[in-house]
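Undergrad: Structure in structure tokens, see below.
The values are calculated or read from the model by the stated rules, or taken from the named source; none is laboratory data. Nothing here was measured: the structure is a model prediction, and the numbers come from that model. Every residue, glycine as well, gets a Cβ built from its backbone with ideal geometry; the counts of neighbours run over all protein chains shown.
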Amino acid sequence: MALADDHGAGLKRRGLMLILSSPSGAGKTSLTRMLLQKPELDLTLSISVTTRPRRSSEVEGIHYRFIPRKRFEQLRDEGELLEWAEVHGNFYGTPREPVERTLAQGRDVLFDIDYQGTQQVKAKAGEDVVTIFILPPSMRELKARLERRAEDTGEAIAARLANAANEIRRWTLYDYVLINDDLQKTFEDLVAILTAERRRAVRQKPGIEAFVEGLLKEM
């Protein structure tokens, strides 16, 4: 059964897919974590499948679902992946079935994917998708954030910055663009977007139709 709309409106609705994308270091991971830590938002994180071996620090079903290459190819060939990509000889993708099941319950699914995956999902899911691109306040600040992580060599950081420039040019592919110069303010903007998108008539159509029918019977 679909969940009631938040704020007590009582209207049943179909869930949406909320996609966040950004260049590395722009704050997408932090914002994703903040969204998931708010239980009242009731967001479900999309878990990708991958053919690469599980690392010792990873947990099945939390970081990824690890599947054999043959099974991945079967899902891909049967159109059961909303998006997929090959990275360094390993496959990654988003299964359609668990996402569709969650949407049908009136709950929303959060995606942390790049612009290529975003375009694939948009092509297959249409009005169910809301896309947001997160920009850094400046390239200088982006570089500083990557350096503060102390996770990469100077060469790796240079490569990430070059890739960031390519990703930033794709901002026009998104429904919303936020400049993350203040993490808390950007988070508040994300919540505002989510709240507004949940109230779009197309998502609440079954509930509105039933409500209007009841209104008209009162005449």
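Undergrad: Look at ARG160 and say whether it is of a type in the set (Lys, Arg) and under 26 Å from GLN119 (Cα atoms). Let's see the steps before the verdict.
TA: Numbers: of a type in the set (Lys, Arg): yes; under 26 Å from GLN119 (Cα atoms): yes.
Considered against the rule, which asks whether it is of a type in the set (Lys, Arg) and under 26 Å from GLN119 (Cα atoms), ARG160 comes out as yes.
Undergrad: Those residues that are closer than 19 Å to THR172 by Cβ and either of a type in the set (S, T, N, Q) or buried (at least 21 other Cβ atoms within 10 Å of the Cβ) (or both), I need them from region 131-148; list them, please.
TA: THR131, ILE132, PHE133, ILE134, PRO136
Undergrad: Residue by residue through region 81-98, note down the ones that are exposed (fewer than 14 other Cβ atoms within 10 Å of the Cβ), free of Cβ contacts under 8 Å to residues at least 40 places away in the same chain and not small (Gly, Ala, Ser).
TA: Correct list: GLU86, VAL87, HIS88, GLU97.
Undergrad: I need the full set of residues from region 149-175 which are of a type in the set (Ser, Thr, Tyr) and either more than 19 Å from the chain's Cα centre (by Cα) or surrounded by 16 or more Cβ atoms within 10 Å (Cβ to Cβ) (or both), in order please. Walk me through how you get there before you give the answer.
TA: Filtering region 149-175 for residues of a type in the set (Ser, Thr, Tyr) gives 153, 172, 174.
Result: THR153, TYR174.
Undergrad: Give the number of residues within region 52-92 that are within 30 Å of GLN204 (Cβ to Cβ) and within 19 Å of the chain's Cα centre (by Cα).
TA: Here is the first cut: in region 52-92, the residues within 30 Å of GLN204 (Cβ to Cβ) are 79-83.
Next, from what is left, pick out any that are within 19 Å of the chain's Cα centre (by Cα): 80-83.
The qualifying residues number 4.
Undergrad: Let me ask something else about it. When LYS12 is evaluated against the numbered criteria (1) modelled with pLDDT of 95 or more; (2) out of contact with any strand residue (DSSP E or B) (no Cβ under 6 Å at 6 or more places or on another chain), which criterion, by number, is the only one it fails?
TA: Condition not satisfied by LYS12: (1).
Undergrad: Turning to a different aspect of this structure: Tally the residues that are more than 30 Å from LYS38 (Cβ to Cβ) and either hydrophobic (A, V, I, L, M, F, W, C) or touching a strand residue (DSSP E or B) at 6+ places or on another chain (Cβ under 8 Å) (or both), restricting the search to region 130-185.
TA: Matching residues across region 130-185 total 8.
Undergrad: So in region 75-113, with the set limited to residues that are out of contact with any Ser or Thr (no Cβ under 6 Å at 6 or more places or on another chain) and of a type in the set (Asp, Glu), which one is modelled with the lowest pLDDT?
TA: GLU86
Undergrad: Looking at ILE19, ILE47 in this structure, which one is hydrophobic (A, V, I, L, M, F, W, C) and part of a strand (DSSP E or B)? Write out each step before concluding.
TA: Details: ILE47 fails: part of a strand (DSSP E or B).
Unique residue meeting the criteria: ILE19.
Undergrad: Condition check: under 14 Å from ILE19 (Cβ atoms) and among the basic types (Lys, Arg). Does ARG170 satisfy that? Even if it seems obvious, please write down each step before you answer.
TA: Numbers: under 14 Å from ILE19 (Cβ atoms): yes; among the basic types (Lys, Arg): yes.
The answer is yes for ARG170.
Undergrad: For region 36-65, give me the residue count where each residue is of a type outside the set (Gly, Ala, Ser), within 22 Å of LEU82 (Cα to Cα), surrounded by 15 or more Cβ atoms within 10 Å (Cβ to Cβ) and touching a helix residue (DSSP H, G or I) at 6+ places or on another chain (Cβ under 9 Å).
TA: Result for region 36-65: 6.
Undergrad: So the check is Cβ under 7 Å with 6+ separation or different chains; which pairs have a first residue in region 38-51 that's more than 17 Å from ALA196 (Cα to Cα) and a second one that's among the basic types (Lys, Arg) and not in a loop (DSSP other than H, G, I, E, B)?
TA: ILE47/ARG65; VAL49/ARG65; THR51/ARG69
Undergrad: To continue, here is another question. How about region 43-57: which of its residues are at pLDDT 90 or above and over 17 Å from GLU100 (Cβ atoms)?
TA: Listed by number, the residues that qualify are THR50, THR51, ARG52, PRO53, ARG54.
Undergrad: Suppose we filter LEU146, LEU103, LEU110 for residues that are under 25 Å from ARG54 (Cα atoms) and of a type in the set (A, V, I, L, M); which single one remains? Steps first, please.
TA: Numbers: LEU146 fails: under 25 Å from ARG54 (Cα atoms); LEU103 fails: under 25 Å from ARG54 (Cα atoms).
When all the criteria are applied, what remains is LEU110.
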